[in-house]
Amino acid sequence: MLALEVEGLVKTFRVKRKPEGFKASVRSLLRPEWTEKTAVAGIRLKAEAGETLAFLGPNGAGKSTTIKMLTGILHPSSGHARVLGMVPWKERAALAFRIGAVFGQKSQLWYHLPPADTFELLSRMYELGRADYLRRRDELVERFELGPYMQTPVRKLSLGERMRCEIAAAFLHRPDLLFLDEPTIGLDVIVKRRIRELIAERNREEGTTVFLTSHDPSDIEQLCRRAVVIHHGTVIFDAPVERLKREVLTCKTVRLKLRDGARLPKKLPDGVRAAEAGPSAWRLSVDTTTASIEDVLAAFVGHCAIEDMTIEDPPMEDVIRAVYEGKAEGRPAEEGTV
Amino acid sequence: MTPALAKWHKYRAVGIIAVKQQLHYRVDFIVRALFLLLILFIFIHLWRAAYASSGSETIEGFALNQIIWYLVFAEAVTMACPQLCVRIEEEVKQGEVAVRLIRPIAYNGFHYMTYLAEAGLRFIVQLAAGSAIAWAYMGPPLFGWGWAGLAALLPGAFTVAFLLNLAVALLAFCVEETRGMEFVLQKLNFTVGGMLLPLELMPDWLERVCGWLPFQAVLYFPARMGVAFDGGRLAAFLLTQWGWAAALAVLCAFIYRRGVRKLNVNGG
């Protein structure tokens, strides 16, 4: 069964042009000039119920605009979409009962009140029965380990605690489809991992379809089975995440800070390139198709005194560039079936 | 649970959480109350001077204590009204409107409930502050049924105030700035709405003009009925008030439908 089906979705905005200079500003006031900006340029996409789909792209690619159209917040300029069998912008209220959304940079929690109050409000908004709501709330509080925070004003919570509350709140009414727009933005590694685990668990246990946008390749690797990359408002890659990992996410960056006087081994392992990044600091590029990250780390730990070490995924911009350069050849949406 | 009951619980819950949130703005309450005290202090002295120079006990049928309590009621309503235009404009600019629109609740209905809840709570606080000074200078507000008249007209007053502001605020869906229009709306309320003085004290031609405008339903109706109850006029006031509310609700629904199609939700 299809959770969503999108065909030729286009969204254009009229943007006022504001030229530089005082005279130009006055002229613009009297006779404004407008340009048309295309945020989404004919996206075609299908997703099965229960899928975990990563929707990727650099800033301004059209990810958020697409989500806003699929949730019924924005009306498209042209094209069709059905989400859970409904046209989002025409049946927004009915669809709202069956979808959830978390916007990483916008809170749904009431700032001065504890999350418990927002949960109560949401239970009323989604018209949950009292017994059902209390059971569901307790279950989510337990699974998301929210007990200590439920009675703490939101303004006093850390970003990670707040985000766990946000995501738990989005699951309260058991949505069939959950849109997550940058849910891990600004979080530390441990909190990110916990949030991914919790989302994956809901997907597994309740069959919730997950539609995720993120700039963090780890979100996609660890949570999603399919990746759709968009750029300039069109789909440029649509394939299983495994393929993206195999063909694009093949590079990790290891940052090493060595103890004073320590040196890198003279011969680096195959697939590793090193560049100096400051006094006693090195930036290593590891090609994971040639060398496993575990072996590389073991080689360095055994040969030099390390003060600090971090492992990073390639930034999303590099992923997009790699897709563009043809490193990965995912099926374009127009040709593939899902 | 019947659908109607579920809807009632939904909007009631919005009102409750809005009151809870509002209770955290203690400094705002105190600042507003102090400002109200200052304004009333000045007006009490102005009106005392005006009555003294007129040499009469009443002006257009209003005694001095009625005028002062009229000001208390009108100012309490004015200062109780939340800044809806600022709120909706910020929602659009910051993209928070997205969080509102993904909920199974009417956007205008959500704001109506938060507005009523906040206005109701603030009105009680402002009335208490205003009463303190008016009572000290003018004596107790012995207006009998006037209090019932005031209470009967308050829901309609806040509803019309909400809808007037909403009609302007919703324009934020399509235009960049609504503050200018809000400023004009506010000043119309202050002048032709009867905030500073009852409409009876205005020139006849202006009083007639005001009678055709919705602004009188927000401040003049409840404050006038509070200080000088008139059972016959109460029905007319209620009818006019809710007539304007119905007309403005239709206008707001129209603006919302047009606006939401043009909405550009900012931010990621």
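For the reader, a short list of remarks on this structure follows.
- Any hit, the range B:35-42, residues being under 20 Å from the mean Cα position of the chain (by Cα), within 11 Å of another protein chain (Cβ to nearest Cβ), touching a residue at least 40 places away in the same chain (Cβ under 8 Å) and assigned to a helix (DSSP H, G or I): no
- Of the helices (runs of 4 or more DSSP H) entirely within the range B:154-268, those holding at least 3 residues that are loosely packed, with under 14 Cβ neighbours inside 10 Å occupy B:179-191, B:204-211, B:231-262.
- The requirement of being in contact with a Cys (Cβ under 9 Å, 6 or more places away or on another chain) and in a helix (DSSP H, G or I) is fulfilled nowhere in the range A:90-104; no residue meets it.
- Residue pairs whose Cβ atoms lie under 8 Å apart, separated by 6 or more positions or on different chains, with the first residue in the range A:149-168 and free of Cβ contacts under 8 Å to residues at least 60 places away in the same chain and over 16 Å from A:ARG136 (Cα atoms) and the second in a loop (DSSP other than H, G, I, E, B) and among the charged types (D, E, K, R), are A:GLY160/A:ASP188.
- Residue, nearest to the chain's Cα centre (by Cα), within the range B:254-266, restricted to residues that are within 14 Å of another protein chain (Cβ to nearest Cβ) and of a type in the set (A, V, I, L, M): B:VAL260
- Selected residue (criterion: nearest to the other protein chains (Cβ to nearest Cβ)) from residues of the range B:83-119 that are in a helix (DSSP H, G or I) and of a type in the set (S, T, N, Q): B:GLN94
- Against the test of being more than 17 Å from B:ILE102 (Cα to Cα), at pLDDT 90 or above and assigned by TED's automatic domain parsing to the domain that holds A:SER107, the options A:ARG174, A:ARG194, A:ARG124, A:ARG137 yield a single qualifying residue, A:ARG137.
- Only one of the listed residues (A:ASP308, A:ASP313, A:ASP287) is loosely packed, with under 14 Cβ neighbours inside 10 Å and either at negative phi or free of Cβ contacts under 8 Å to residues at least 12 places away in the same chain (or both). That residue is A:ASP308.
- Scanning the range A:203-222 for residues that are at pLDDT below 90 and either over 15 Å from the mean Cα position of the chain (by Cα) or part of a helix (DSSP H, G or I) (or both) returns A:PRO217, A:SER218, A:ASP219, A:ILE220, A:GLU221, A:GLN222.
- Test: residue in the range B:189-201 that is of a type in the set (Ser, Thr, Tyr) and within 14 Å of another protein chain (Cβ to nearest Cβ): no
- Within the range B:58-67, none of the residues are within 14 Å of chain A (Cβ to nearest Cβ) and outside any helix (DSSP H, G or I).
Yes/no matrix, rows are residues, columns are (1) under 26 Å from A:ARG321 (Cα atoms); (2) away from chain B (no Cβ under 14 Å); (3) basic (Lys, Arg); (4) over 24 Å from the mean Cα position of the chain (by Cα):
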site: A:VAL15; (1), (2), (3), (4): no, no, no, yes
site: A:PHE22; (1), (2), (3), (4): no, yes, no, yes
site: A:LEU29; (1), (2), (3), (4): no, no, no, yes
site: A:PRO32; (1), (2), (3), (4): no, no, no, yes
site: A:LEU56; (1), (2), (3), (4): yes, no, no, no
site: A:ARG82; (1), (2), (3), (4): no, yes, yes, no
site: A:GLY100; (1), (2), (3), (4): no, no, no, no
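- Residue match in the range A:165-177 (condition: at positive phi, at the interface with chain B (Cβ under 10 Å from one of its Cβ atoms) and either of a type in the set (S, T, N, Q) or surrounded by fewer than 21 Cβ atoms within 10 Å (Cβ to Cβ) (or both)): no
The values are calculated or read from the model by the stated rules, or taken from the named source; none is laboratory data. Keep in mind that this is a model prediction, so the values were computed, not measured. Every residue, glycine as well, gets a Cβ built from its backbone with ideal geometry; the counts of neighbours run over all protein chains shown.
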